[in-house]
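I have placed the structure first, in the form of structure tokens, so that the comments after it can refer back to it.
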2 protein chains.
Amino acid sequence: MKKLILASTSTIYGSGYLEYLLPTLKSFFKGHKNLLFVPYARPSGISYEAYTKIVSEAFKKIDINVVGIHTFNDKQKAIEKADGIFVGGGNTFVLVNELYNQDLIEVLKNTIDNGTPYLGTSAGSNIASLTMQMTNDMPIVYPPSYKTLGCIPLNINAHYLDPDPTSKHKGETRETRIKEFHTYNKIPVIGLREGSWLQVDGNEVVLKGGLTARWFVKDKEPIEIETNHPIVI
Amino acid sequence: MKKLILASTSTIYGSGYLEYLLPTLKSFFKGHKNLLFVPYARPSGISYEAYTKIVSEAFKKIDINVVGIHTFNDKQKAIEKADGIFVGGGNTFVLVNELYNQDLIEVLKNTIDNGTPYLGTSAGSNIASLTMQMTNDMPIVYPPSYKTLGCIPLNINAHYLDPDPTSKHKGETRETRIKEFHTYNKIPVIGLREGSWLQVDGNEVVLKGGLTARWFVKDKEPIEIETNHPIVI
């Protein structure tokens, strides 16, 4: 049975990397001592080594050993054999492009579907969606497709931001952008605020963390979903 | 000689559609009484007709007649014969996708290069760049390429926003996103704040409006460019 944690962000304001999630991750990865880390999203253009080091130091606190996928020659096999998988945030276009280039989309999906526990943050959560189209990132590379893993039957907008009624900025609000998506697409979208995550057990998707989330369905007004509630598609 | 106005936004806070630009546009389009409008970017999913009506009402104030490109059977010919061209804002992915689908990229570039005056706002400015990669929009459709008109030898980031030092949000700042672009690309980028525009006369590109703009070159610290100064590539 598939098991995923899909977090809006790795880091919340005033707290260290993954700090707010560590108690949850300790229980989520119970019995899994080795984590395969995928650093391909390269936040701020950081190197794979530097990114893996940050992740490794965070997971040391809950006695989990982290190895970067870039250190394996056979990356497909590394995924298949992984005890647990974490795909970190950064630029979603860069991440998806690299997963396609290395031919890892299918093996990653199959491995997660077969029950290897998966953690995603930000771009890493986005790719568990049906498509990467709810990314906030800039298209700095051109991936072969926007189709992603489809581990959940919806799209995630990470780092969801509410419209600011005092703003003088005329760029589109997040809500406007998501509504524009629904002009062309039917996939429901969850706007996950920082500090929220989805916990997936088989076909059940439950909102976790202390906040509500914004739920967008084509041709309907968006609503708020309460924390600890399953999401009904 | 090519002549373009490439504005960060159509609308500034507390002002009507195009209102702040109308005096500039009156002089820019002097002697050009008919404007071909390209509504393909569809802000908020608005219809071509509704979008063209908004634009038409704004240009009435400076005695310019507006016709939407969607009303022509032969759209290539409509561009070639246009007295002036305006491509409005909205979603850049949708705009670029439609320009490719209708095979209008090349004819649009050639017509602008041959001297037909061109106005772009937001997405319409973005596409005058070498590539659309500095868009802030979501990839709600998958265009065949990110390559755009290349009327100027740089990329525009419209609606440029400075980092907010009081923000508790952990999503990437605009500056971080542009620096990530330069991990993979060499094209210089101008961050155009709302109320700024570029005036292009032949090969000269000058910053206009009351504000400075942010200038990003790969492997260099970003700098501020003063208004009324030509941009040196």
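FYI, it's all coordinate maths here, none of it is from the lab. Note that the structure is predicted; figures quoted are calculated from it, not measured. Here the Cβ positions follow ideal geometry from the backbone for every residue, glycine too, while neighbour counts run over all protein chains shown.
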So which of B:Lys147/B:Lys170; A:Lys109/B:Lys168; A:Lys179/B:Lys170; A:Lys168/B:Lys2 end up more than 25 Å apart by C-alpha? B:Lys147/B:Lys170; A:Lys109/B:Lys168; A:Lys168/B:Lys2
Which of A:Asn114, A:Thr52, A:Gly16 sits farthest toward the positive end of the charge dipole of the range A:3-225, with +1 on the Cβ of Lys and Arg and -1 on the Cβ of Asp and Glu? A:Gly16
Considering the rotational relationship between chains A and B, which residue of chain A contributes the beta-carbon of minimal distance to the axis, and what is that distance to the nearest Å? A:Pro139, 3
At 4 °C and 1.567 mPa s, grab the translational diffusion coefficient of the range A:116-155 from Stokes-Einstein with a Kirkwood Rh over Cα pairs, rounded to a whole number in µm² per second. 122
Looking at the calculated P(r) for chain A, what percent of the C-alpha pair distances fall above 24 Å? 40
Copies of B:Asp162 compared via label points 7 Å along Cα→Cβ give distances in nm, shortest first, of 2.7
Alpha-carbon Rg/Rh ratio, for the range B:50-109, with Rh computed the Kirkwood way: 0.96
Could you please state, rounded to a whole Å, how far the C-alpha centre of the range B:1-19 is from the C-alpha centre of the range B:211-232? 20
How many percent of the alpha carbon pairs in the range A:153-194 exceed a separation of 17 Å? 35
Phi-derived 3J(HN,Hα) across the range B:135-144 with the Karplus relation (6.51, -1.76, 1.60, θ = phi - 60°), rounded Hz, x for Gly and Pro, is 5, 9, 7, 8, x, 7, 9, 10, x, x
Any chance you could give the angle, 0 to 90 degrees and rounded to 10, that helix A:92-101 forms with the longest Cα principal axis of chain A? 50
Treating the point 7 Å from Cα along Cα-beta-carbon as the label, what are the nm separations from B:Ser145 to the other copies, to one decimal? 2.3
D (µm²/s, integer) via Stokes-Einstein for the protein assembly as shown, Kirkwood Rh across alpha-carbon pairs, 37 °C, 0.692 mPa s: value 142
Sort the range A:1-137 into rounded, prolate or oblate with this rule: let a ≥ b ≥ c be the square roots of the eigenvalues of the Cα gyration tensor; rounded if a/c is under 1.5, and if a/c is not under 1.5, prolate when a/b is larger than b/c, oblate otherwise. rounded
In nm, to one decimal, how far is the modelled label at B:Lys61 from the one at A:Ile233, with both set 7 Å along Cα→Cβ? 4.8
Any idea what the A:Asp219 label distances to the other copies are, label 7 Å down the Cα→Cβ vector, nm, shortest first? 5.4
